[in-house]
Each structure stands twice: as structure tokens, then as C-alpha cells.
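Read through the structure below, which is laid out as C-alpha cells, and then see the notes.
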Amino acid sequence: MTQPAAAAPARTVTVRVPAKVNVQLSVGGLRPDGFHGLANVFLAVGLYDSVSATRAEQPRLTVSGPDAALVPQDRTNLAARAARLLAQRHGISPDVHLHIAKDIPVAGGMAGGSADAAGALLACDRLWGLGSTREELLQLCAELGSDVPFSFAGGAALGEGRGEKLTPLEVGGTFHWVFAVAEGGLSTPDVYRECDRLREQHGGSSEADVPAPTADPALLAALRTGDPQALAAAVRNDLQPAALSLRPALAETLTAGLEAGALAALVSGSGPTCAFLVADAASATRTAQTLTASGTCRTARPATGPAPGATVV
């Protein structure tokens, strides 16, 4: 390992990163490489983690906030892996103290870990004075995980391939959401395995058995025009049956949100957070209060989208 990079003026760099909701998650059949092709329409929403990078004598990671105890604080943490990957590419030592202030639900299907990795890349790049281009950082994001590039980019985008090939999408307004946070998490690999198992019971799970995923033109038009009613009619998550199979109680949460007046309800990504599209800010407040009082979730939180991606604050 070579000597650390020359000192940059900054001693600490903090980056804010958003959660995401998948307004469309179409999952193709199981490929020979073990992955699934995706048509994944991401929308970044205003629930944020903050990742701070500070110069240190050796690598260190700390976490604070709700559910911090559930976040790994060792080398397996995706943010720590991001710092090591960036340092390796530039031939420097990954000597940094990363602190993650968590507010995105942990293991909740909202890409909190991916957001932290995107935040760590940008924070360390600025701290170490590396001057990486946006394209270079996005390439590193893609190496870390399928959701990391979107966490970096924010806004709205269609993710294809494994989700990492992004096409930015136009959004014509602000969409109001409520997110019902469940007790405990769901493992994304477990949900995909359950999706394959359920498909095997109904005709097969391979690429030959499942139609190739494509973005829904009606959904893209709803985003473009900012029409919540049209978007509500088009939202889709192919992983929802698997998430409900593994966590049947989520059906009660979805029903409670619809009964509270939500325009649409779906499991967010691989779950177990449930996402509710509502008409406006007042509806979001009422729906969140009703869901929290329903006893079907741990808490419910309003948020709007689209939100910006990784941003130095």
C-alpha cells in the first residue's frame, strides 16, 4: 500500500443521501449467473441518512440513530467497503472514520445501505481530494451493488440490467408518500429466492419462463405529468407476493393504508416497509397518523419525491 493521499483542506465531509421507493419493480426470470433482469423505476424520497468522513489513523465506522444496533459496524458494512474500494483504486490507505447518522429504515426495502455506500464514496472522495468525476463514482457505485448508483444519482430513473444501468426520468411534480416501517427487516436475497420459489409453482422461474421486464409507458407518463391518480393506477412490485409470503402481516398494513385513504399501496422493494401514495401533504399527515394508530406497523412517516441524490452538506 502506498502512502496516504496528500492532505486536503477539509477535515470532515458530510454527505446527505436519500431513501428510494420502487414505483415499478418488474423482475425477469432467474439468469444463469444467479441474477434477475430488472425494469426498476426508482424515485428518491425525502428520508435521509448522513455519512460523515473524517481523517483518522486507521479505518473506523460508527452508526447512530434509529435501529443503529442493526447496522453492521465492521468491514462488511457497504459504506466501509465503498471507502476501501475508492482507496484501492487510487492506491492510498483507507484511513477514515465514517459516521452514519441513520434515518432510513434498516433492511426495509428503501436502499438505506446502498445510500450509505454512495454517501461514503462522495464524502471520502472530497475528504481525500481525489477529484473523481461523476462517471467514475457511478462506476464504483455499480461495483458495490445494484441500488448504489441510483442512491448516488437521486431524482427518478429507470434502472435496467441488475438495476445499475440508469436512465434519468422526467418528473412533472411532487409526489406525496407515507412509509409504514415494520418491526424487523427482510433479507433481499431471501425475498428473491421466495419469488423464484413461488414462480416455480406457477410455470417456472427461468428467463425462458418469465417475460423480459420492461418499463410501463403509462407509469412513465404519470411521472412525467406529475399525476398521482395515474401513478397510483400503474405502480407495481413483482417482489410483493414473495415479501407477503415471508411476512403475511404486511397485508394488514397495506389494507390499513388503503382504508385510511391512500391512492395506492405496495411493498417498497424487497420490504418490509410499505409505501402509500397519497394525494397531497394533508392526506399524508392523516394517513401516517392513522397507520401509526392502527397497530399494523412500528411507525409511519410522510415524505415527498423526487429528492436529490448524494449531496455534500
Within the range 95-139: backbone nitrogen closer than 14 Å to the residue 54 label point (7 Å, Cα to C-beta): 96-101
Residues 103, 190 arranged by fewest to most Cβ contacts within 10 Å: 190, 103
The range 12-169 - Rg and Dmax from Cα coordinates, angstrom: 15.1, 46
Ordering of 35-44, 244-253 by packing [mean C-beta count within 10 Å, highest first]: 35-44, 244-253
Under 5 Å, built H, 5+ apart or other chain: amide partners of residue 298: 181, 182, 183
Förster-model FRET efficiency, 22 Å R0, residue 233 and residue 255, C-beta, rounded to 0.05: 0.75
Bins of 10 Å from zero: percent of alpha-carbon pairs in the chain: 6, 28, 34, 23, 8, 1, 0
Pairwise label distance in nanometres, residue 289 with residue 214, each label 7 Å out on the Cα-Cβ vector: 4.5 nm
³J(HN,Hα), Karplus 6.51/-1.76/1.60, whole Hz, each residue of the range 149-155, x for Gly, Pro: x, 5, 4, 6, 7, x, x
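Which of 193, 126, 75 comes first, and how do the rest follow, when ranked by fewest Cβ neighbours within 10 Å?
Neighbour counts put them in this order, fewest first: 75, 193, 126.
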Rounded to 5, percent antiparallel among DSSP beta bridges of the chain: 85 percent
Fewest-first ranking of 276, 179, using other Cβ atoms within 10 Å as the exposure measure: 179, 276
Placed amide H near residue 103: partners under 5 Å, 5+ positions off or other chain: 49, 50
Spin-label pair residue 70/residue 202, simplified geometry with 7 Å Cα→Cβ offset, distance in nm: 2.7 nm
Whole-Hz couplings from phi, Karplus 6.51/-1.76/1.60, listed for the range 92-100; x for Gly and Pro: 10, 7, x, 7, 8, 9, 9, 10, 10
Cα gyration tensor shape for the range 175-305, rounded if a/c is under 1.5, else prolate or oblate: oblate
In sequence order, calculated HN-Hα J values of the range 262-270 (Karplus, 6.51, -1.76, 1.60; Hz; x Gly/Pro): 5, 6, 7, 9, 7, 6, 7, x, 8
Backbone N under 18 Å from the residue 134 label point (7 Å along Cα→Cβ), restricted to the range 16-44: 16-18, 42-44
Between the range 204-267 and the range 148-187, the alpha-carbon center distance in angstrom: 13 Å
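Quick note: the coordinates plus some simple rules give every number you see, no bench work behind them. All values reported here derive from a predicted model rather than from experimental measurement. FYI the Cβ positions are ideal-geometry reconstructions off the backbone, even for glycines, and counts take in every protein chain you see.
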